[in-house]
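Written below as structure tokens is the structure these notes are about.
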Amino acid sequence: DKPLSQQDRELNSTALLKKYLGWLGRHDQETNGVSSILALAVGLPVRLTTSIRGIDGPNTVLNKGAIGTIHGWAPDPSEERMIVDGDIVLSRLPKAIYVKIPDVSWVIDDALGPGVLPVGRTSVTWTVCEKTNVKARRTGFQLISALSGTSYYIQGKSLKAVFADVVCTDYWEEPDAT
């Protein structure tokens, strides 16, 4: 994230870091579809946070919410990797994330194969505070993990299997008899 207000840009590094850490908790819907953190793992289900047009001609559309799986990614040439608590953390965003969309036949690049969509980095402006109209710029990918979804989002979807987490606090608690 990059603050766009002059006041935020003039903050000392400690105060700015505190703001950055606060912004990491923002939902992707607040940041124009670019999430704070996106795990990269081949096979991870992901969902588009925006519609993409013209993949296989002008009438082809992948709608917002389309689900695919991470097929791979193109690392930034100057990327350095660090291991933090057993996880690999990239120092720079990949140039692209390759997402395999199921049940499609279009081919964007023969080397990638059918149905693999390269999703490039994008920069969006989002509103940090509605009252003051303070904005920030975020660069990332218009993808989010598709490992879960709200009941509102899932309505009308055809899914192979569903796990509904309706337990209050303990997986082993007895159901309420009332």
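The values are calculated or read from the model by the stated rules, or taken from the named source; none is laboratory data. This structure is a prediction, so every number in the text was calculated from the model and none was measured. We place every Cβ from the backbone using ideal geometry, glycine too, and count neighbours over all the protein chains shown. Surface areas here come from the heavy atoms of the whole protein model, side chains and all, with no ligands, DNA or RNA. Shrake-Rupley method; radii C 1.70, N 1.55, O 1.52, S 1.80 Å.
Computed quantities for the displayed model
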{"item": "Amide H within-cut-off set for L44, under 5 Å, with H built and near neighbours excluded", "result": "I70"}
{"item": "Under Karplus coefficients 6.51, -1.76 and 1.60, residue-wise ³J(HN,Hα) of region 75-86 in Hz, glycine/proline x", "result": "x, 5, x, 9, 5, 10, 9, 10, 9, 10, 6, x"}
{"item": "Area of L16 that stays accessible when all protein chains are in place (1.4 Å probe, Å², to 10)", "result": "30"}
{"item": "Interchain or long-range residues, amide H under 5 Å from V99's placed H", "result": "H71, L117, V119"}
{"item": "Carbon and sulfur %, accessible surface of region 40-147 computed with the full protein complex present, 1.4 Å", "result": "50"}
{"item": "Solvent exposure of region 1-114 as accessible area per residue, Å², 1.4 Å probe", "result": "65"}
{"item": "Residues R81 and A161, FRET efficiency given R0 of 45 Å [Cβ-Cβ distance, rounded to 0.05]", "result": "0.85"}
{"item": "Computed FRET value (nearest 0.05) for A74 with L4, which takes r as the C-beta separation and R₀ as 35 Å", "result": "0.80"}
{"item": "Top positive-direction residue, dipole computed over the chain with Cβ charges, set G65, Q6, S36", "result": "Q6"}
{"item": "Neighbour count of at most 12 Cβ within 10 Å plus DSSP loop: longest chymotrypsin sites (Phe, Trp or Tyr not before Pro)-free window in the chain", "result": "1-162"}
{"item": "Theoretical gain in end-to-end length, V89 to T60 [0.36 nm per residue, Cα-Cα removed]", "result": "6.9 nm"}
{"item": "Mean separation of Cα contacts under 8 Å (6+ apart) over length of the chain, as relative contact order %", "result": "23"}
{"item": "The chain shape via C-alpha gyration tensor axes, a/c threshold 1.5", "result": "oblate"}
